[in-house]
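Taking it in order: structure first as structure tokens, then the write-up.
The values are calculated or read from the model by the stated rules, or taken from the named source; none is laboratory data. Please read all numbers here as calculations on a predicted model, not as lab measurements. With ideal geometry, Cβ positions are generated from the backbone for all residues, glycine too; neighbour counts draw on all protein chains shown. The protein model used for the area step is the full one, side chains on, heavy atoms only, and it has no ligands, DNA or RNA in it. Shrake-Rupley method; radii C 1.70, N 1.55, O 1.52, S 1.80 Å.
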Amino acid sequence: MEYRKCGDSDLMLPVLGVGAWSFGGGDYWGEQDQGSVDRVVNLALDRGCTLFDSAEMYNEGSSESSLGQALESRRDEAIIATKVSPHNARPDDLRRSCEASLSRLRTDRIDLYMMHYAINEMSLRHYTQDPGPADEYPTIEEALATLDALRQEGKVRYIGVSNFGVQQLTEALALGVPIVCNQLQYNLICRMLEFDILPACVEHGLGVMTYTPFQQGILTGKYATLDDIPAKRRRTRHFSSRREGTRHGQEGAEAETAAALAAMRLIAARTGIPMGRLALSWCLSSPGITCTLGGARDGTQLEQNLLAVDAPLSPELMEELNQVTAPLKEKLGSHPDYFEPEGKSRTC
């Protein structure tokens, strides 16, 4: 397993980490038995895939609990990353969230503790119907100060952020708290961070951890048409606002999305590399990316993910994939929130 330095920090991360959202089971991903989680975690550790990413909101804490149970006898071999929700960013609430995560994870320290989103009206509404007046919101100043205090107390080793845009990142970095990474969505059909956010992270010496390399299964080739994709996975700006559950109010980019997926299928057929492995290998080989998180519900899925680590793509194939997805990248533009229009974004 290749390890990369996380920005300018001394934290070393494997190029492939394990996304633990499905651990513990829940409404979005369905049931997940503990035996499968145990097998995934142990196989990952055996193969050097030592980073596990969770969040307090994943399956209402069950993800952290399941991960903690699986890691209990091998805790010192693992790098645990988890996230606190923005509505818990006030000092007392953040401390309670940290202690609750530590308890569920069965550990005395969190290796990488991240703000799940920046603090604004849209991110707070994601967690509570009525966030109240803006002058009563938690502030990034008090949140980062509390995170830094937790770091100095040894309960947190490194501090990160997740889903922060350039403006939000600039405001956070100006406070002087040592932030080591930004966790962001990124894959072949979600390349918006290449415009502004990724260059900003590189400029400021931050590591970049990415998630959803398969775009929740869409990039594995399992769906023959856009209509075959489950409705709850068709809510992004790739799809027309006429689709059920969308809230972005825009025309979408369905023609460009379909064309990109069709081109990827042809490349997969020609090269003999499964489409999902192409998608993951592209993420692992993309410049500026420190670590890519891949979900795995069982050992077979993890083995498939690990194959991408062992077989990097050639520069020619990387460029071909860049070219066939470029029209979609240009159509979606630099706005980094895949669910909301500009002006109503959690990420800016």
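So which residues in the range 287-299 are out of contact with any Ser or Thr (no Cβ under 8 Å at 6 or more places or on another chain) and farther than 22 Å from Ser22 by Cβ, if there are any at all?
Those that are out of contact with any Ser or Thr (no Cβ under 8 Å at 6 or more places or on another chain) and farther than 22 Å from Ser22 by Cβ: Pro287, Gly288, Thr290.
Hey, does the range 47-55 have a residue that's open to solvent by less than 10 Å² (accessible area, probe 1.4 Å), among the charged types (D, E, K, R) and either in a loop (DSSP other than H, G, I, E, B) or in contact with a strand residue (DSSP E or B) (Cβ under 6 Å, 6 or more places away or on another chain) (or both)?
For the range 47-55, residues open to solvent by less than 10 Å² (accessible area, probe 1.4 Å), among the charged types (D, E, K, R) and either in a loop (DSSP other than H, G, I, E, B) or in contact with a strand residue (DSSP E or B) (Cβ under 6 Å, 6 or more places away or on another chain) (or both): present.
Here's the yes/no breakdown for (1) open to solvent by less than 60 Å² (accessible area, probe 1.4 Å); (2) closer than 24 Å to Leu173 by Cβ:
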residue: Arg104; (1), (2): no, no
residue: Asn120; (1), (2): yes, yes
residue: His126; (1), (2): no, yes
residue: Gly132; (1), (2): yes, no
residue: Pro138; (1), (2): yes, yes
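Among the residues of the range 236-257, write down those that are open to solvent by 40 Å² or more (accessible area, probe 1.4 Å), without any contact (Cβ under 8 Å) to a residue 60 or more places away in the chain and in contact with a helix residue (DSSP H, G or I) (Cβ under 8 Å, 6 or more places away or on another chain).
If the condition is that a residue be open to solvent by 40 Å² or more (accessible area, probe 1.4 Å), without any contact (Cβ under 8 Å) to a residue 60 or more places away in the chain and in contact with a helix residue (DSSP H, G or I) (Cβ under 8 Å, 6 or more places away or on another chain), then Arg243, Glu244, Gly245, Glu254 are the ones that fit.
Residues in the range 21-46 that are touching a strand residue (DSSP E or B) at 6+ places or on another chain (Cβ under 7 Å) and open to solvent by 20 Å² or more (accessible area, probe 1.4 Å): how many?
Counting residues in the range 21-46 that are touching a strand residue (DSSP E or B) at 6+ places or on another chain (Cβ under 7 Å) and open to solvent by 20 Å² or more (accessible area, probe 1.4 Å) gives 1.
Give me a count of the residues in the range 89-110 that are over 22 Å from the mean Cα position of the chain (by Cα), in a loop (DSSP other than H, G, I, E, B) and closer than 20 Å to Glu121 by Cα. Let's see the steps before the verdict.
Here is the first cut: in the range 89-110, the residues over 22 Å from the mean Cα position of the chain (by Cα) are 90-93, 95-96, 99, 103, 106-108.
After this cut, where a residue has to be in a loop (DSSP other than H, G, I, E, B) as well, the list is 90, 106-108.
With the extra rule that they be closer than 20 Å to Glu121 by Cα, the set shrinks to 90.
Number of matching residues: 1.
Restricting attention to the range 147-175, which residues are among the hydroxyl-bearing types (Ser, Thr, Tyr) and in contact with a Pro (Cβ under 9 Å, 6 or more places away or on another chain)? Can you show your working first?
Applying the first criterion (among the hydroxyl-bearing types (Ser, Thr, Tyr)) to the range 147-175 yields 158, 162, 170.
Passing the criteria: only Tyr158.
Which one of these is surrounded by 24 or more Cβ atoms within 10 Å (Cβ to Cβ), over 17 Å from Glu141 (Cα atoms) and either under 13 Å from the mean Cα position of the chain (by Cα) or of a type in the set (A, V, I, L, M, F, W, C) (or both): Gln215, Gln183?
Testing whether each residue is surrounded by 24 or more Cβ atoms within 10 Å (Cβ to Cβ), over 17 Å from Glu141 (Cα atoms) and either under 13 Å from the mean Cα position of the chain (by Cα) or of a type in the set (A, V, I, L, M, F, W, C) (or both) leaves just Gln183.
Go through the range 111-125 and give me each residue that's under 19 Å from the mean Cα position of the chain (by Cα) and assigned to a helix (DSSP H, G or I). It would help to see each step written out before you state the result.
So the first thing to find is which residues in the range 111-125 are under 19 Å from the mean Cα position of the chain (by Cα), and the list is 111-119, 122-124.
Within the range 111-125, Met122, Ser123, Leu124 meet the criteria.
Could you check, for the range 216-237, whether at least one of its residues is part of a helix (DSSP H, G or I), under 27 Å from Ser22 (Cα atoms) and touching a Phe, Trp or Tyr at 6+ places or on another chain (Cβ under 6 Å)?
Yes.
With a cut-off of at least 1 residues that are more than 21 Å from Leu193 (Cβ to Cβ) and within 22 Å of the chain's Cα centre (by Cα), name the helices (runs of 4 or more DSSP H) lying wholly within the range 256-338.
Because the criterion is at least 1 residues that are more than 21 Å from Leu193 (Cβ to Cβ) and within 22 Å of the chain's Cα centre (by Cα), the helices (runs of 4 or more DSSP H) in the range 256-338 that meet it are 275-285, 299-310.
For Glu60, only one of the following conditions fails: (1) part of a loop (DSSP other than H, G, I, E, B); (2) at pLDDT below 95; (3) out of contact with any helix residue (DSSP H, G or I) (no Cβ under 6 Å at 6 or more places or on another chain); (4) within 16 Å of Leu105 (Cβ to Cβ). What is its number?
(1)
Of the residues Leu193, Leu105, only one is more than 30 Å from Ala326 (Cβ to Cβ) and in contact (Cβ under 8 Å) with a residue 24 or more places away in the chain; which?
Leu105
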